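Coordinate-derived values only; no laboratory data. Computed from a predicted structure; not experimentally measured. Backbone-built Cβ (ideal geometry, glycine too); neighbour counts: all protein chains shown.
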Amino acid sequence: MDTLKLRSVAIDTYKENVAYLHRQCHIYRSEGFQALSKIEIHVKDDGPPVIAVLNVVDDASITAPGELGLSEQVYEQLGVPEETEVTICHANPPLSITSVHRKIAGEPLSYEHYQGITSDIVNNRYSKIEISAFLVACAETGMERNEVLFLTRAMVESGDHMDWGEPLVADKHCIGGIPGNRTSMLIVPIVAAHGLLMPKTSSRAITSPAGTADTMEVLANVELSNQQMHQIVKHERACLLWGGTARLAPVDDILISVERPLSLDSPGQMVASILSKKVAAGATHLIIDIPIGPTAKVKNHIEAMKLRKMFEYVGDNMGLQLDVVITDGRQPVGVGIGPVLEAEDVLKVLNNDPLAPVDLREKALQLAGHLIEFDPDVRGGQGYQIARDILFSGRALDKFESIINAQGKNKHTHPRGKLTYDVLSPASGKIRSIDNLQIARIARKAGAPLDKGAGVLLHKKCGVIVEKGEPLYTIYAAFNANFQFAIDAVANDNAYQIGDNDTCHNPA
């Protein structure tokens with residue numbers, strides 16, 4: 001069989017195996033390959049083939065005739081040096097694609113169906129087009145609660161599973177959508193200082209101005225191996241790390257890479273995504289934070305209660321002791337939005353600074369209190385006071401500093417962005433509402449989270465009376481282009497509604 005020489009093409013195709021073949025390659029012409037078809041890549045006497053989606057190029061500087069170019073992901077996966085000789089052939093369709101067709105037709109799927117789909121996805125047998133079809137089918141035809149349970153179990157089995165050897169491993173997750181909501185960085189040291197085990201793996205931002213890992217990275221190293229993570233947790237009872245280095249429910253990362261561009265966030269997929277990651281991370285006791293508000297993911301109590309029941313059903317059947325807390329999501333939490341600004345909020349709360357944002361502190365204490373009440377030695381209703389005592393005594397700060405030192409303190413200081421712009425109130429009156437989505441959009445256009453010091457610092461929040469011309473918030477940016485993008489976004493919509501009627505604090 002004719003062979004091709006491997007060539008590494010420095011393209012990040014993000015969670016998708018992509019190969020490149022020159023249009024004038026004799027194999028391309030003789031075998032009838034087409035762009036976006038799937039191929040098997042075989043290395044002689046070196047294990048099973050790797051599957052990739054084929055792209056066709058006309059530029060020999062990318063891939064010449066006689067070569068097979070590989071994107072970064074598939075090249076790393078193949079694990080052989082450049083110029084290694086390989087053979088390629090058409091890949092057979094994944095066996096589980098018939099299950100996707102059944103879901104498109106509106107049929108409920110069994111555990112075996114979901115197991116087959118997730119296995120094929122994690123083994124790169126699905127293109128992103130096929131994954132899109134699966135996700136849209138689940139979102140549009142709906143998923144019965146047993147289906148969500150089946151998908152969660154299948155996703156857990158797609159990767160590794162951590163075992164901490166203790167009966168109580170605490171974790172917390174917010175379903176997202178609220179800027180500045182950095183409660184995890186406060187909850188973890190409080191709960192660990194109480195003595196509970198809380199190995200926290202967090203995400204980086206995808207569409208938000210900062211994820212917990214982005215903000216923690218301002219202060220400490222967040223990219224550590226599983227072995228390093230276990231050592232830190234053994235000594236500190238906790239950690240705050242990026243979860244991308246652990247192979248926990250890896251199919252979830254692939255699904256998310258398709259969901260985000262499509263703006264898909266169906267309840268069933270959300271529950272399966274969150275709980276599969278928590279179970280794989282070894283959590284036994286979990287708090288789920290569901291913020292509700294007009295510009296939050298969940299708009300009202302009715303939606304929140306439906307989601308809560310789904311979490312509880314799947315959690316119970318996965319062996320999780322789970323408590324869902326419904327919180328106020330009608331405006332950002334804290335005043336900083338963006339990694340550096342959010343880190344400043346966290347440090348003010350831990351240092352008991354009089355200027356610390358009260359809403360961030362109180363939300364963190366409430367959630368930490370719920371977690372502490374999982375401790376069988378703590379009576380119901382005592383958790384908040386215990387958490388409060390740990391924070392105000394300085395024990396939470398001490399634990400946080402110990403975690404930072406154990407993970408590796410960031411020696412590089414990240415300042416706020418040097419370019420600033422004050423957004424002024426266009427009128428006098430009471431602040432009725434703040435649009436979470438628009439504030440997040442402005443912060444991202446300013447450069448967050450890639451530029452750690454970029455973002456938005458809020459000066460006024462809901463219910464406050466402002467005078468015309470008073471600063472509502474300040475934009476921080478590092479680069480002129482981002483700075484102008486953010487200012488242009490404000491010109492279209494500054495995210496604030498100001499008027500006589502106060503709707504921000506009415507029950508949702």
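What FRET efficiency comes out for residue 409 versus residue 76 if R0 is 22 angstrom and r is the Cβ-Cβ distance? Round to the nearest 0.05.
Computed FRET efficiency for residue 409 and residue 76: 0.15.
Of all lysines in the structure, those lying under 28 Å Cα to Cα from residue 430, and not within fewer than 8 positions of it along the same chain, are 297, 299, 348, 363, 445, 460, 461, 468. Packing, taken as the mean count of other beta carbons within 10 Å per residue, orders the peptides 148-155, 222-229 from highest to lowest as 148-155, 222-229. Against the longest principal axis of the chain, how steep is helix 111-122, in degrees 0 to 90 to the nearest 10, with axes from Cα atoms? Its long axis makes an angle of about 80 degrees. Across segment 182-197, rounded Karplus estimates of 3J(HN,Hα) from the backbone phi angles (6.51 cos²θ - 1.76 cosθ + 1.60, θ = phi - 60°) give 8, 5, 4, 5, 9, 5, 4, x, 5, 5, 5, 5, 6, x, 7, 7 Hz, Gly and Pro being marked x. Per-residue 3J(HN,Hα) values for segment 384-395, derived from phi via the Karplus relation 6.51 cos²θ - 1.76 cosθ + 1.60 with θ = phi - 60°, read 4, 5, 5, 4, 4, 5, 5, 5, 6, 7, x, 5 Hz in sequence order (x marks Gly and Pro). A dipole drawn for the chain from +1 and -1 charges on Cβ atoms has a positive end, and of 307, 367, 274 the residue lying farthest that way is 367.
Between the helical axis of 145-156 and the longest alpha-carbon principal axis of the chain there is an angle of about 70 degrees.
Once you have the Kirkwood Rh of segment 97-142 from its Cα pairs, apply Stokes-Einstein at 37 °C and 0.692 mPa s and quote D in µm²/s. It diffuses with D of about 314 µm²/s by this estimate. For residue 172, the amide hydrogen comes within under 5 Å of the amide hydrogens of 287, counting only partners 5 or more places away or on other chains and with H modelled in the peptide plane. Based on DSSP H segments of at least four residues, each scored -39500 (n - 2.57), the chain has a per-residue ellipticity at 222 nm of -12000 deg cm²/dmol.
Taking the average, over residues, of other Cβ atoms within 10 Å as the packing measure, peptides 80-89, 386-395, 238-247 rank 238-247, 386-395, 80-89 from highest down. Our coupling estimate for segment 18-33, obtained by passing each phi through the Karplus curve with A = 6.51, B = -1.76, C = 1.60 and θ = phi - 60°, is 10, 10, 10, 10, 6, 4, 8, 5, 5, 5, 4, 6, 7, 9, x, 5 Hz, Gly and Pro reported as x. Please work out the Cα center distance from segment 172-191 to segment 448-488, rounded to the nearest Å. Distance between centres, Cα-based: 22 Å.
Helix 358-372 sits at what angle to the longest principal axis of the chain, using alpha carbons and giving 0 to 90 degrees rounded to 10? The angle comes out at about 70 degrees. Calculate I(q)/I(0) for the chain by the Debye formula, one identical point scatterer on each C-alpha and no solvent, and give its log10 at q = 0.12, 0.13 Å⁻¹ to two decimals. Each listed q corresponds, in turn, to -1.17, -1.30. Between residue 57 and 21, 22, 23, the built amide H atoms are under 5 Å apart, and every one of these is 5 or more places off in sequence or on another chain. The slack between residue 306 and residue 234, meaning 0.36 nm per residue of separation minus the straight C-alpha distance, is 22.1 nm. Taken as Cα centroids, segment 298-345 and segment 80-158 sit 28 Å apart, rounded to the nearest whole angstrom. Annotation for residue 146 and residue 484: the two label points, set 7 Å from Cα along the Cα-Cβ direction, are 5.9 nm apart. Listed peptides 370-383, 116-129 appear in the order 116-129, 370-383 once ranked by packing, highest mean of other Cβ atoms within 10 Å at the front. So what's the net charge close to residue 226: Lys and Arg +1, Asp and Glu -1, counting the other residues with Cβ under 9 Å from its Cβ? Result for the local shell: 0. The gain in end-to-end length when the residue 46 to residue 60 segment is fully stretched comes to 2.2 nm, 0.36 nm per residue minus the alpha carbon separation. Straightening the chain between residue 428 and residue 90 buys 115.0 nm, computed as 0.36 nm per residue apart minus the Cα-Cα spacing. Taking amide hydrogens as placed 1.01 Å from N in the peptide plane, the amide H of residue 220 sits under 5 Å from those of 410, each at least 5 positions away in sequence or on another chain. With R₀ fixed at 41 Å, the C-beta to C-beta distance from residue 347 to residue 110 puts the FRET efficiency at about 0.25.
Ordering 94, 55, 74 by the projection of their Cα atoms onto the charge dipole of segment 1-112, which places +1 on the Cβ of Lys and Arg and -1 on the Cβ of Asp and Glu, puts 94 at the extreme positive end.
Within 14 Å, Cβ to Cβ, of residue 357, how many net charges do the neighbouring residues add up to if Lys/Arg are +1 and Asp/Glu are -1?
Local charge sum for residue 357: -1.
Each Cα pair under 8 Å and six or more residues apart adds its sequence gap; the mean of these over the residue count of segment 97-142 is a relative contact order of 54 percent.
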